[in-house]
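Undergrad: Can you keep this structure in mind? I'll have questions shortly.
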Amino acid sequence: MSAGTDWVDGYIRAWETNDPDDIAAIFADDAIYEFSPDDPEALRGREAIVDGWLDSKDEPGDWTFDWEVLVESDDLVMVQGRTDYPNAKLYDNLWVIRLAPDGRATRFTEWYMERDR
């Protein structure tokens, strides 16, 4: 497996479990989580990311996520995905993930666009 695949697998595990330890495991202490590029309301720091995640968590089984790694280098991963909330909305996703040498994200930026069903 690659670092990018490992990280996305960890993200999906955290998404499925909503376990604070699973969420914390994929982010560096000083990580930034942006819901859009240059997000003024970005979550800053692992603790804020965990708290923000749990404040707006998705429940297991409420979504599916299909994805592929588009680009990967030592410290950068770009992922294209599709998130389907069958009882709600469908989104196309682009994630840009900056990785520390230990494989945890130092910066996570997502772009998402709602799709018609």
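Undergrad: Apply the Karplus curve 6.51 cos²θ - 1.76 cosθ + 1.60, θ = phi - 60°, to the phi angles in region 104-115 and return the couplings in whole Hz, x for Gly and Pro.
TA: Karplus values, whole Hz, x for Gly and Pro: 7, 6, 9, 8, 10, 10, 10, 10, 9, 9, 5, 10.
Undergrad: State, as an integer percentage, the relative contact order of region 3-115 based on alpha-carbon contacts under 8 Å between residues 6 or more apart.
TA: Values: 217 pairs, mean separation 28.8, N = 113.
Relative contact order of region 3-115: 25 percent.
Undergrad: Are there any trypsin sites (Lys or Arg not before Pro) in region 1-67 that are in a DSSP loop and have at most 15 other Cβ atoms within 10 Å? List them by number.
TA: Numbers: sites: R13, R44, R46, K57; in loops: K57.
Loop-located and lightly packed - K57.
Undergrad: What is the antiparallel percent of DSSP beta bridges lying wholly in the chain, to the nearest 5?
TA: Details: 29 of 33 bridges.
Of all bridge pairs located within the chain, approximately 90 percent are antiparallel.
Undergrad: Mind putting a number on the dipole of the chain about its Cα centre? Charges go on the C-beta only, +1 for Lys and Arg and -1 for Asp and Glu, and I need it in Debye to the nearest 20. All intermediate terms of the calculation are to be shown ahead of the outcome.
TA: Details: 11 positive and 29 negative charges, 39 e Å.
Computed charge dipole of the chain: roughly 180 debye.
Undergrad: Stretch N93-D21 to full length: gain in nm at 0.36 nm per residue minus the Cα-Cα span? Working shown, then result.
TA: Working: separation 72, 0.36 × 72 = 25.92 nm, distance 2.45 nm.
Separation in residues times 0.36 nm, less the Cα-Cα distance, equals 23.5 nm.
Undergrad: For L70, which sequence-distant residues (separation of 5 or more, or a different chain) have an amide H within less than 5 Å of its own amide H, given hydrogens modelled in the peptide plane?
TA: Here the answer is M78, V79, Q80, since their amide H atoms fall under 5 Å of that of L70.
Undergrad: Here is a follow-up. What distance in nm separates the simple spin-label points at T64 and D51, each placed 7 Å from Cα in the Cβ direction?
TA: Going by the 7 Å Cα→Cβ label model, 3.6 nm.
Undergrad: Read through the labelled values [x] -0.72; [y] -0.63; [z] -0.81 and report the label of the one computed as log10 I(q)/I(0) by the Debye sum over Cα atoms at q = 0.15 Å⁻¹ from the structure.
TA: Only one listed value fits the structure, namely [y].
Undergrad: Would you mind estimating how fast region 48-117 diffuses translationally, via Stokes-Einstein at 20 °C and 1.002 mPa s with the Kirkwood radius over Cα pairs, in µm²/s? It would help to have the intermediate numbers written out before the result.
TA: Working: Rh = 13.5 Å.
Value of D from the Cα-based Kirkwood radius: 159 µm²/s.
Throughout, read-outs are computed from the coordinates displayed, never taken from laboratory work. Keep in mind that what you see is a predicted model, and the values were worked out from it rather than measured. We place every Cβ from the backbone using ideal geometry, glycine too, and count neighbours over all the protein chains shown.
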